[in-house]
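Let me begin by presenting the structure, written as structure tokens, before commenting on it.
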Amino acid sequence: MTYADLDYNLTEEQRATRDMVRQFGADVVRPGGIELDHLGDPQAVIDEGSRLWDLIRQYRELGLHKTGISKAFGGTAEDMDPMTNFLISEELGYADAGFAISMGADGMFYSMCQASKVPEFQELACEYAEDPGSRLISCWGIIEPDHGTDWMLAGDDPEITPNVQAELKGDH
């Protein structure tokens, strides 16, 4: 589907979703984003007790994290038409682009997990859909020390592969 194929006459349900996300963005996300932007130390943004965790919890309480997860894994993807997904992204981005991008990157990993043939990854998609707080958070390592996202297009070229590794330290 291209943008030209979209019907820009919103349904009542689409307007209701847009308005709900717009209100959440204005009342919660934008003030929270401003507060987080004013923290002097980046570590303070992710520290326990940071406003970030409250923003994520409220985002998930609204079920917005489930839009990329199919019903088979506990999500709402089949209930979301493309226009509604665009509206959600647009309203969150208007409220705070950093938060919107972070939630998109967070959900992308779990959306990919549901397509995996590995049962443990599929279970992660289910756990994410059921996580009303912020227990499961993913990140997106886009840029690496010696290249960017070109590794995704490199095929079998052993010179262009992901090279950043995570190290488990306790529960982090």
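Which length gain, in nm to one decimal place, applies between Met108 and His172 when the Cα-Cα distance is subtracted from 0.36 nm times their residue separation?
21.0 nm
Note: the stretch 10-146, Cα convex hull, 128 Å³ per residue. Each label point was placed 7 Å from the Cα along the Cα-to-Cβ direction; for Asn9 and Glu35 their separation is 4.3 nm.
Each Cα pair under 8 Å and six or more residues apart adds its sequence gap; the mean of these over the residue count of the stretch 10-146 is a relative contact order of 27 percent.
Taking a virtual spin label 7 Å from the Cα of Asp47 along the C-beta vector, which residues in the stretch 121-140 bring their backbone nitrogen under 19 Å of it? Within reach of a label on Asp47: no residues. For the stretch 1-87, averaging the sequence separation of C-alpha pairs within contact (under 8 Å, six or more residues apart) and dividing by the residue count gives a relative contact order of 25 percent.
Taking square-rooted eigenvalues a ≥ b ≥ c of the alpha carbon gyration tensor, is the stretch 16-67 rounded, prolate or oblate, where a/c under 1.5 means rounded and, failing that, a/b exceeding b/c means prolate?
Note, shape of the stretch 16-67 comes out oblate.
Where a number appears in this text, it was derived from the coordinates with a stated rule and is not lab data. Since this is a predicted model, take the numbers as computed values, not measurements. Heads up, the Cβs are rebuilt from the backbone with ideal geometry, glycines too, and the neighbour counts pull from every protein chain shown.
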